[in-house]
Structures are given as structure tokens and as C-alpha cells.
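Worksheet: the structure to be examined is printed underneath.
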Amino acid sequence: MDLPGPIHDFLLVFLGSGLILGGLGVVLLTNPIYSAFSLGLVFVCISLFYIPSNSHFVAAAQLLIYVGAINVLIIFAVMFMNGSEYYKDFNLWTVGDGVTSVVCTSIFASLITTILDTSWLRDYLDYKIKPNNRARFDK
């Protein structure tokens, strides 16, 4: 699909945001039904990532298989389970959650600093921001 640059960038940012928010919803929501619906959002965003790369069949297959079958199966399995057992001895925050949050935050920070230090990011930003440097990349 040949989209103009700003629309393509907006689409990728929108789908990436949906992917990140859906993934956070899967992990952070305590109700398993809401987590399953967030997982459905993740599956939809992943399948929509294939459309700009002209992989329409892969997008449709992923949508039908993961959202239409796997996620519905997960939701039915969760609904058949006894919902009251999820809230017995419910602690909002434990020490393990704090340690996990610190470890995940440090890994995320190290990934961001690594990405910001790479040469390909600087080249990409030079290509997007400074039009006079495009001749260097177009060769």
C-alpha cells in the first residue's frame, strides 16, 4: 500500500501505541476478561501491521486465526472458570511486584539508551529532518 509519508508514520505510531497499551492491559488488568480483550486488541494491532507492507492475506489470516479463534477460546475458557477464586487473598502490591517493576524499568531504560546511541537512528533522523542530507542516502 503506497501511503504518503506522514500518513504512514501516523499509522505506525497509532498501531504501535495500540500494541503497547494492549500489552500493558494484558499484564496490568486484574480481571481476566479485560485482559483477554486487551489481548484481542494486541492481536488486531499486530495483524494491521501487515497491511502497509502489502501482506493482506497474512493480515486476514492472523485476524481470523488469532482474534477469531484463539482469543475467543481464551475468553470462553476464562468465563467457564469460577471467577471468585481470582479475588481471594488479593494484595494490591507485593514485594515481588516491586522487584519486577524495578527490573523491567531498568531493562526498558537500557533499551532506550541503547537505541538512542545507535548510528542508524541518527542516520534516520538526519534523513527525515534535514532534507539536504537526502542525497547522501539516495545513492
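The values are calculated or read from the model by the stated rules, or taken from the named source; none is laboratory data. Note that the structure is predicted; figures quoted are calculated from it, not measured. Quick reminder, even Gly has a Cβ in these numbers, built from the backbone with ideal geometry, and neighbours come from all protein chains shown. For the accessible areas, the whole protein counts, side chains as well, though only heavy atoms, and no ligand, DNA or RNA atoms are used. Shrake-Rupley method; radii C 1.70, N 1.55, O 1.52, S 1.80 Å.
Quick rundown of the values:
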quantity	calculated
In the stretch 28-40, residue farthest from Cys104 (Cα to Cα) [restricted to those that are of a type in the set (A, V, I, L, M, F, W, C) and open to solvent by 40 Å² or more (accessible area, probe 1.4 Å)]	Phe37
Pair list, Cβ < 6 Å and 6+ apart or interchain, from the stretch 5-20 residues that are of a type in the set (A, V, I, L, M, F, W, C) to residues that are open to solvent by 50 Å² or more (accessible area, probe 1.4 Å)	Leu15/Leu48; Leu15/Phe49
Residue count for the stretch 41-66, restricted to those that are open to solvent by 40 Å² or more (accessible area, probe 1.4 Å), in a helix (DSSP H, G or I) and either in contact (Cβ under 8 Å) with a residue 60 or more places away in the chain or not hydroxyl-bearing (Ser, Thr, Tyr) (or both)	12
Condition check for Leu15: at pLDDT 90 or above, assigned to a helix (DSSP H, G or I) and open to solvent by 30 Å² or more (accessible area, probe 1.4 Å)	no
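Rundown of residues vs (1) at pLDDT below 80; (2) within 24 Å of the chain's Cα centre (by Cα); (3) under 25 Å from Cys45 (Cα atoms); (4) open to solvent by 80 Å² or more (accessible area, probe 1.4 Å), yes/no style:
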position	(1), (2), (3), (4)
Phe76	no, yes, yes, yes
Met81	yes, no, no, yes
Glu85	yes, no, no, yes
Val95	yes, no, no, yes
Asp123	yes, no, no, no
